[in-house]
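No value in this document is a laboratory result; all are computed from the given coordinates. The structure displayed is predicted, hence computed values, not measured ones. Glycine also receives a Cβ, built like all others from the backbone with ideal geometry; neighbour counts cover every protein chain displayed.
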């Protein structure tokens, strides 16, 4: 290939150079493999998210310290132990930040505002406070963290996170403006017929890069014409690279075949600028998956194997420990609920229904009876909003998810786990297996009391095949990505979901 400095004038063909229009669509999205759209913007950048998380953490820690010192100084006449107050605040900050990031990751387009945002923050903070209280008193810190201190922290901490979450984004939008990047000039290379090039330009525009220079190659030309096209268009790139301010060269790779993309990348080695290849959405999806090695080759792991023997043993040990302790601790509540069911309506206290578990093995699931019927056959009707079959006490039990507590017995028996896809009635399994592809994948792992679908809002009635399809997709995703850390994340989010009572009836 001829050096860029020695290109002849007759080899130079005009390449289309455009500026990003002022009215570029600001809501362009790219769909990742799991179907969840992702959107760029100042408040969604890593820097902005980090600043918001740090602001939340500082606010929570300060709330803990102020609550501890204030309560002890006013009511007890002493300062208390500062290390305990700092530690409590730090633990709360970590739990709150993890829960918020999990919610944002699972619902990337959901941006609640107003009362909805306050309700969601309240639910997350309440779940965080319950976890902190559990850890604090488990570690016997009750001498320093008195009830008054914890109640003060509950109120002040809630106020702190609400203020932090409502004011920090506004400050970022004011002081971390995209125009700060205006002095950087980006050169964009793409194929003239690549429709994803506009998506890249929109992302650059939202990120604050002013008027990128765009060189559109004729990537559809013949092999004989390609050398001339490459030389002429790269000459224009070189001209811009010499005169433009500092910045990167971005190549929208989707419109080029592998050989022509390699030609462009090799020619750009002489340009003293950072060169970045932006893959097509299909390839970009693969970048989120781990890289494994097959001999001397690199491989993208689209689907990992189920939990190994050690992980399964640990998961089972956690199930046994948690279910055993929970049944003992909750025994008084379970007795009261049983008495209430007997007094509220006729019928058994426990409702048993055949469901399919791990690898399709049937088992009898236990629940507190919340309806006047106990369907268990070829025709099972799901509960609906304002369902007349639900008893008075049953409606409250279902909203608080207390009706699911007897399934701790299924966990002890090894038929279920704390976390996994919710098992469906056999009649529903038979019906939806014929309608939804890969439905059986959800049975590759043990069913659970709670699962990835439930913490993502796919709970309650599935009145249409589309609603069930979305729930099953979440179950299949869990079956393919099951891990102990994911289980912990789901358990924490479950506390939030129970407090929110979303789709519970």
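Brief remarks on what is shown
- Annotation: extensible slack from residue 242 through residue 62 equals 59.7 nm (criterion: 0.36 nm per residue apart, minus Cα-Cα distance).
- When the alpha-carbon atoms of region 382-437 are used, the pair Rg, Dmax equals 14.1, 38 angstrom.
- As an equivalent ellipsoid, region 309-500 spans semi-axes of 25, 21, 15 angstrom, where each value is the square root of five times an eigenvalue of the C-alpha gyration tensor, largest first.
- Computed over region 309-500, relative contact order equals 21 percent, with contacts defined as Cα pairs under 8 Å that lie 6+ residues apart.
- Segment residue 74-residue 266, length gained on full extension (0.36 nm per residue, minus Cα span): 62.0 nm
- Based on the Kirkwood approach, the hydrodynamic radius assigned to region 270-330 is 16.4 Å, with every pair of different Cα atoms included.
- Label-to-label distance, nm, for residues given as residue 400 and residue 293 (7 Å Cα→Cβ offset): 5.5
- Residue ranges 153-166, 433-446 sort as 153-166, 433-446 when ordered by packing (mean number of other C-beta atoms within 10 Å per residue, highest first).
- The packing ranking, built from the mean of other Cβ atoms within 10 Å per residue, places the peptides 188-197, 239-248, 48-57 in the order 188-197, 48-57, 239-248, highest first.
- Packing around the peptides 67-73, 355-361, taken as the average count of other Cβ atoms within 10 Å per residue, puts them in this order, highest first: 67-73, 355-361.
- Stretchable slack from residue 301 to residue 413, in nm (0.36 nm times residue separation minus alpha-carbon distance): 36.9 nm
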